[in-house]
1. Given the peptides 160-170, 141-151, 46-56, arrange them by the average over their residues of other C-beta atoms within 10 Å, most packed first.
2. ASP102 versus ARG138, label points 7 Å from Cα toward the beta carbon: distance in nm?
3. What percent does the relative contact order of the range 61-187 come to when contacts are Cα pairs within less than 8 Å and at least six residues apart?
4. How many angstrom lie between the C-alpha centres of the range 60-88 and the range 121-199?
5. Figure the gain on full extension for ASP153 and THR48 (residue separation times 0.36 nm, minus the Cα-Cα span) and round it to one decimal in nm.
6. Taking θ = phi - 60°, what integer Hz values does the Karplus form 6.51 cos²θ - 1.76 cosθ + 1.60 yield along the range 45-52, in sequence order, with x for Gly and Pro?
Amino acid sequence: MGRTPRGVLAVAFLTVAGASVPATQGMDASDLRSFGPGGLSSGPPRLTLAFVDYAVLPTEAFHALQAETVALVAAMGVDVDARTLQPGSDLDVRAITLIVMDGEAPSRRMRGVMGAVQRQGALPALWIYSANVAAGARLGWKTRDRWSASDRDAFTRAMARVALHEVVHLLCPWRAHDREGLMASVMDRSTLTSSRVPFTTELRRDFGLGVDALRGAAYPMAQAGPSRR
């Protein structure tokens, strides 16, 4: 893989043991495809996501992660071109690259971090730390070969939600973390794995603006105004 420029990292932390995050309004997973398109242009905006698997996930699990992530982005009103890059490949400057890492984040300073983004530089990229996501979903990464089908589904759902969290950081740098839900700085097991998708209409709107900006449109926030909190 080509060298990635250093930049500012935005991170999503695991919930501290014993802490709780208030329930957040969301949508049933079955509602994903019916939520409808958004964005400022005629027709839904489009985003290219390139997935790189350093965790060597089983093929079925990796494809499920791609499909779940694509479904979440589609629920935000954005069409997706999804592709797979082999480890060591040159990155596509036209795509957001999602790099699935094997194990935990690489330093003590990032202990418990589930995801991080490269906010600066020519190559928009993010990293997902599989072991920490598994821990957030209350699954043992080292015993993943013994996971049940339900466990594997929960892991895939959690990975996709962390991926979307970091994609939002890349596309919407004006957004701070929310107090709860998908864009909270701390996501608990319920937020990661429940059947309800924890994001708001304001987040969906901002996401469309961010995709428009990435595609080279004039920065739309001045016209559209900030999201209400």
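1. Highest to lowest by the protection proxy: 160-170, 46-56, 141-151.
2. 2.9
3. Here the relative contact order equals 25 percent.
4. 14
5. 35.4 nm
6. Taking θ as phi minus 60°, the curve returns x, 10, 9, 9, 10, 10, 9, 10 Hz for the range 45-52.
Rule-based calculations on the coordinates, nothing more; no lab input. Please read these numbers as outputs of a predicted model, since none were measured by experiment. Neighbour counts are summed over all protein chains in view; Cβ atoms, including those assigned to glycine, are modelled from backbone coordinates with ideal geometry.
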